[in-house]
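The values are calculated or read from the model by the stated rules, or taken from the named source; none is laboratory data. Keep in mind that this is a model prediction, so the values were computed, not measured. Here the Cβ positions follow ideal geometry from the backbone for every residue, glycine too, while neighbour counts run over all protein chains shown. Ligands, DNA and RNA are excluded from the accessible area calculation, which covers all protein heavy atoms including side chains. Shrake-Rupley method; radii C 1.70, N 1.55, O 1.52, S 1.80 Å.
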Amino acid sequence: MRIAVLDKTRCQPRMCGFQCIKFCPRVRTGDETIVEGEDGKPVISEELCVGCGICVKRCPYECITIIGLPEKLKEPTHRYGINGFAMYGLPVPMAGKVTGILGPNGIGKSTAINILSGNLKPNLGKDEMGWEDILEYYSGSSLYDYLEGVSKGKVKTSQKPQYVDLIPKKFKGKVSELLSSTDERGVLESLMTRLDLGNIYGRNIGELSGGELQRVALAACVAKDADFYFIDEISPYLDIFQRIKAARIIRELAETKAVMVVEHDLAILDLLADVVHIAYGTPGAFGVITHPKGVRVGINEYLKGYLREENVRIRSEAIEFEVHAPQDTKEYSSILEFEEFSKKYDGGFELKARGGEIRMGEVTGIVGPNGIGKSTFVKMLAGEIEPTTGKVELDIKVSYKPQYIKADETVTVSRLLRSINRQFDSSYYQTEIVKPLQLEKLLNQNVNDLSGGELQRVAIAACFSRKADLYLLDEPSAHLDVEQRIITTKVIRRFAENNKVTAMVVDHDIYMIDMLSDRLLVFEGEPMVRGDVIGPFNMRDGMNRFLKYIGITFRRDEETKRPRVNKLDSRLDRTQKSEGEYYYSTDKS
């Protein structure tokens with residue numbers, strides 16, 4: 001079976017002269033595989049298309065995708081018109097459990113949730129489809145009863161949006177007004193305490209930071225009385241402390257409710273979910289949502305890149321983790337030794353760095369809670385701000401990617417990157433930066449038209465486009481899906497090793513830090529009051545110190561060696577804490 005997808009937002013047939021029609025070899029046989037549609041855009045016949053790929057190569061705007069689907073994929077759950085995106089399968093909400101969805105962006109997760117929430121009626125790939133036909137299709141399946149309730153308007157849903165920074169555009173008023181209007185279960189007081197909302201309760205929504213908006217959005221979603229709760233990413237803008245608190249709140253909610261989550265932080269998803277659906281396919285073209293799998297099995301198969309039950313390979317190579325914490329086996333030369341310095345703000349917060357050494361060719365991870373001074377530290381290294389006491393004198397070139405990225409450029413992505421690096425058109429630049437960061441289809445778009453994840457990847461590329469000795473990246477995982485985080489991790493490591501430069505990365509994704517770092521800088525103290533920069537440590541000592549500060553322990557999965565969060569106060573959690581082995585137990589390694 002073959003599927004043809006046309007991105008109509010990018011298609012400019014008059015500009016290219018309908019090259020897809022002119023060069024289709026079927027024209028010569030009299031079979032008009034591609035014709036001009038009523039809207040002036042091409043229409044591709046999937047029945048006549050032989051999949052030669054000539055139209056794909058000829059299209060100058062890269063808006064045509066021709067894909068051969070697995071034979072067992074017959075009728076889509078939903079398709080957005082002729083040559084539109086098609087989704088196959090649906091996740092199953094289960095009362096008393098947290099159901100996770102794991103997969104890249106643009107693969108149909110939002111479509112699935114809109115169907116389960118009653119906002120979108122599945123059309124099974126046809127123009128018109130009534131509920132009677134839909135229910136007949138799902139008759140005998142685990143989704144029948146649920147969809148029947150949706151069709152009759154009996155399912156009440158509560159959703160936490162993915163992009164919480166858009167909330168101030170939709171709601172004008174105070175936090176108290178928003179939260180009090182959603183407290184249908186009478187749990188607001190408890191949620192305010194557990195999510196640390198007391199000090200912002202009287203503030204205007206428009207004054208909140210990203211992390212504060214995320215916690216408010218979660219409280220508003222959980223406080224409602226619904227049958228089905230959908231939570232789209234709790235990790236953005238939250239540190240590891242806040243993520244674990246949020247995960248525990250969601251777990252408690254699922255004791256009596258059906259909860260579904262999309263989450264790209266695999267450590268948090270592992271802690272949150274009872275079962276997971278894997279979503280795979282080609283972003284923007286088609287997506288497949290598998291049957292539910294146990295959370296450990298599902299994440300492990302996803303990391304291996306092979307879905308055993310479906311007999312489908314979704315990635316060419318597996319994602320691997322270190323069995324032990326990385327050891328100091330390489331010989332490094334120091335590129336920077338900094339003395340003790342500090343930064344004090346008028347509001348009272350003070351950051352103190354005890355001094356340390358940064359080595360050539362290594363990647364240093366930076367971990368700690370929000371409001372502890374991590375961004376302040378890298379800004380001082382980048383020369384963006386001056387210390388109050390001491391000096392930060394760097395005799396090296398520095399390239400800096402900030403935490404918050406503003407898209408105020410009206411130029412295209414290709415013009416922006418070419419203006420930074422003259423080697424933009426070289427095979428090395430294309431191979432090492434453009435292709436791994438999946439920027440090919442973004443090159444002709446304006447920077448200010450990009451989504452959060454797209455803008456993040458362009459910002460990372462821009463950072464590495466500058467000639468420097470030290471590269472500082474503040475939260476490069478923000479807005480990236482799992483696949484993009486993995487790719488970004490490889491890009492950072494390979495760039496540092498191949499070019500013998502140093503990278504320092506601030507992030508809250510433990511998996512990313514674990515795969516990325518040679519050493520760790522640990523930030524401790526009291527958020528918004530004081531911060532202490534300690535280290536760098538080797539990975540074992542640094543992670544042990546950091547996890548002890550948080551109060552959680554990790555074990556290593558026996559199959560993939562990935563870190564897994566132990567349940568609080570479980571036997572293994574208590575044993576590792578008594579041994580002082582928070583990163584992983586030596587008996588299990």
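Quick notes on this structure:
- Of the residues making up segment 150-204, those that are hydrophobic (A, V, I, L, M, F, W, C) and open to solvent by 70 Å² or more (accessible area, probe 1.4 Å) number 1.
- You will find that of Met504, Met515, the residue that is modelled with pLDDT under 90 and more than 23 Å from Asp425 (Cβ to Cβ) is Met515 and no other.
- Some residue of segment 248-269 being over 26 Å from His508 (Cα atoms), surrounded by fewer than 22 Cβ atoms within 10 Å (Cβ to Cβ) and without any contact (Cβ under 8 Å) to a residue 12 or more places away in the chain: no
- Segment 415-444, residues that are in contact with an Asp or Glu (Cβ under 8 Å, 6 or more places away or on another chain) and surrounded by 17 or more Cβ atoms within 10 Å (Cβ to Cβ): Leu416, Arg418, Val434, Leu442
- Annotation note: Cβ proximity below 9 Å between a residue of segment 517-530 that is farther than 30 Å from Glu320 by Cβ and a residue that is part of a strand (DSSP E or B) and aliphatic (A, V, I, L, M) (sequence gap 6+ or interchain) occurs for Glu524/Val533; Glu524/Ile534; Gly525/Leu351; Arg530/Leu351.
- Some residue of segment 334-344 being within 29 Å of Tyr583 (Cα to Cα), crowded, with 18+ Cβ neighbours inside 10 Å, among the small types (Gly, Ala, Ser) and at pLDDT below 90: no
- Extreme residue, nearest to Asn105 (Cα to Cα), among residues of segment 477-510 that are hydrophobic (A, V, I, L, M, F, W, C) and in a helix (DSSP H, G or I): Val482
- Consider segment 134-146 and keep the residues that are of a type in the set (Ser, Thr, Tyr) and part of a helix (DSSP H, G or I). The one that is surrounded by the fewest Cβ atoms within 10 Å (Cβ to Cβ) is Tyr144.
Residue-wise test of (1) touching a strand residue (DSSP E or B) at 6+ places or on another chain (Cβ under 7 Å); (2) part of a helix (DSSP H, G or I); (3) open to solvent by 70 Å² or more (accessible area, probe 1.4 Å); (4) at positive phi.
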residue	(1), (2), (3), (4)
Lys121	no, no, yes, no
Gly125	yes, no, no, yes
Met129	no, no, no, no
Glu132	no, yes, yes, no
Glu148	no, yes, no, no
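- Of all residues in segment 375-414 being free of Cβ contacts under 8 Å to residues at least 40 places away in the same chain and of a type in the set (A, V, I, L, M), the one that is nearest to Glu475 (Cα to Cα): Met380
- Number of the exception - Asp227 against (1) touching a strand residue (DSSP E or B) at 6+ places or on another chain (Cβ under 7 Å); (2) crowded, with 18+ Cβ neighbours inside 10 Å: (2)
- Output for segment 166-193, where each listed residue is acidic (Asp, Glu) and assigned to a helix (DSSP H, G or I): Glu177, Glu189
- Scanning segment 277-299 for residues that are in contact (Cβ under 8 Å) with a residue 60 or more places away in the chain, over 29 Å from Asn83 (Cβ atoms) and either surrounded by fewer than 18 Cβ atoms within 10 Å (Cβ to Cβ) or among the hydrophobic types (A, V, I, L, M, F, W, C) (or both) gives Val295, Arg296, Ile299.
- Taking segment 87-108 as the range and being closer than 14 Å to Thr282 by Cβ, outside any loop (DSSP other than H, G, I, E, B) and of a type outside the set (Phe, Trp, Tyr) as the test, only Met87 passes.
- No other residue among Arg79, Arg2 is touching a Gly at 6+ places or on another chain (Cβ under 8 Å), surrounded by 15 or more Cβ atoms within 10 Å (Cβ to Cβ) and either hydroxyl-bearing (Ser, Thr, Tyr) or within 30 Å of Leu147 (Cα to Cα) (or both) apart from Arg79.
- Matching residues in segment 415-456 - criterion: being part of a loop (DSSP other than H, G, I, E, B), under 20 Å from Ala478 (Cβ atoms) and of a type in the set (S, T, N, Q): Gln438, Gln445, Ser451
- Set Val56, Val35: member being part of a helix (DSSP H, G or I), modelled with pLDDT of 90 or more and of a type in the set (A, V, I, L, M): Val56
- Ile513, sole failed condition from (1) in a helix (DSSP H, G or I); (2) surrounded by fewer than 24 Cβ atoms within 10 Å (Cβ to Cβ): (2)
- Looking only at segment 26-42, residues that are out of contact with any strand residue (DSSP E or B) (no Cβ under 7 Å at 6 or more places or on another chain), touching a residue at least 24 places away in the same chain (Cβ under 8 Å) and open to solvent by 20 Å² or more (accessible area, probe 1.4 Å) come to 2 in all.
- Per the conditions (1) modelled with pLDDT of 90 or more; (2) buried (at least 21 other Cβ atoms within 10 Å of the Cβ), the sole criterion not satisfied by Pro236 is (1).
- Among the residues of segment 246-281, those identified as more than 18 Å from Arg296 (Cα to Cα) and of a type in the set (Asp, Glu) are Glu252, Glu255.
- A search for C-beta distances below 8 Å between a residue of segment 551-579 that is within 22 Å of Gln242 (Cβ to Cβ) and part of a helix (DSSP H, G or I) and any residue that is open to solvent by less than 70 Å² (accessible area, probe 1.4 Å) and at pLDDT 90 or above, counting only pairs 6+ apart in sequence or on different chains, returns Asp573/Thr553; Lys577/Thr553.
- Yes/no for Asn544 being surrounded by fewer than 24 Cβ atoms within 10 Å (Cβ to Cβ), in contact (Cβ under 8 Å) with a residue 40 or more places away in the chain, over 23 Å from the mean Cα position of the chain (by Cα) and not in a strand (DSSP E or B): no
- Segment 448-476, subset without any contact (Cβ under 8 Å) to a residue 40 or more places away in the chain and crowded, with 22+ Cβ neighbours inside 10 Å, residue farthest from Leu166 (Cα to Cα): Arg457
- Condition met for Val216 (open to solvent by less than 50 Å² (accessible area, probe 1.4 Å), within 30 Å of Leu480 (Cβ to Cβ) and at pLDDT 90 or above): yes
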